[in-house]
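Peer 1: Structure below; questions to follow.
Only the coordinates and a few stated rules stand behind these numbers; no lab work does. Note that this is a predicted model, so its numbers are computed, not measured. Cβ coordinates were reconstructed from backbone atoms using ideal geometry, including for glycine residues, and neighbour counts include every protein chain displayed.
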Amino acid sequence: MLLPILKQPHPFLRGQSQRVDSILSDETQTLINNMQETMVAAEGIGLAGRQVGRDENIFLINNHGRIMVFVNPRIIYRSRQRQVGEEGCLSIPGVYGLVERSKAVIVKYHDELGQLRLRRFKDLPAVVVQHEYDHNRGVLFIDKVLEYTAGEDLIAEEK
Ligand code: ZN
């Protein structure tokens, strides 16, 4: 089922997500499936629970064609080396800008099967992870934009 994507300035986008206790429950599994369907339909490379009006601390990314699910993620390491890339957001259509983020991150999370994982991301996947992680803490990329752009040179985007 496709889920409606909330658009800025919807106040829900500024909320704080809650821990998921039952990853294998029907409700959580259905939400994950629906988020996946919604992200693919929107041609996004990332989608966070808050963007579809849900409190569950879950986000998805499309990592070079492979969809990865992050439940209760925690970024436990951010590299001091930074990268600047152009970002967009399914919740803020038509707006693009340059954002500086860590070049690499290590994330501790549960996957959709409830398995605890620790994984390092760098470059574009690291940007997407940081962008989605921010969403579930009520932070949007426009809070961090160095300079607005035309969206012609997207390296880091949801769409
Ligand atoms: Zn976004």
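Peer 1: Can you compute the label reach from Arg74? Point 7 Å from Cα along the Cβ direction, backbone N cut-off under 12 Å, restricted to the stretch 94-116.
Peer 2: From the stretch 94-116, the list is 107-110.
Peer 1: Let a ≥ b ≥ c be the square roots of the eigenvalues of the Cα gyration tensor of the chain; is it rounded (a/c under 1.5), or, if not, prolate (a/b larger than b/c) or oblate? Walk me through the intermediate numbers first.
Peer 2: Details: a/c = 1.68, a/b = 1.26, b/c = 1.34.
Because a/c hits 1.5 or more and a/b fails to exceed b/c, the chain counts as oblate.
Peer 1: If you keep only loop residues by DSSP, which GluC sites (Glu not before Pro) in the stretch 40-102 have at most 14 other Cβ atoms within 10 Å of their Cβ?
Peer 2: Numbers: sites: Glu43, Glu56, Glu86, Glu87, Glu100; in loops: Glu43.
Here the sparse-neighbourhood loop sites are Glu43.
Peer 1: Moving to a separate point now. Relative contact order of the stretch 11-153, please, whole-number percent, based on alpha carbon pairs below 8 angstrom and at least 6 residues apart.
Peer 2: Reported as a whole number, the value is 27 percent.
Peer 1: Among residues other than Phe12 whose Cβ falls under 14 Å from its Cβ, what is the net charge (Lys/Arg +1, Asp/Glu -1)?
Peer 2: In short, +3.
Peer 1: How far apart, in nm, are the 7 Å Cα→Cβ label points at Arg14 and Leu146?
Peer 2: Using points 7 Å along Cα→Cβ, the separation is 2.7 nm.
Peer 1: Report, in degrees rounded to the nearest 10, the 0 to 90 angle that the Cα long axis of helix 26-41 makes with the longest principal axis of the chain.
Peer 2: 30 degrees
Peer 1: Could you name the aspartates and glutamates whose alpha carbon sits less than 17 Å from that of Lys122, not counting residues in the same chain fewer than 8 places away?
Peer 2: Candidates past the 8-residue exclusion: Glu86, Glu87, Glu100, Glu132, Asp134, Glu157, Glu158.
Peer 1: Local charge sum around Thr30 (other residues, Cβ-Cβ under 14 Å, Lys/Arg +1, Asp/Glu -1)?
Peer 2: On the way: positive: Arg54; negative: Asp26, Glu27, Glu37, Glu56, Glu112.
Overall, the nearby charge balance is -4.
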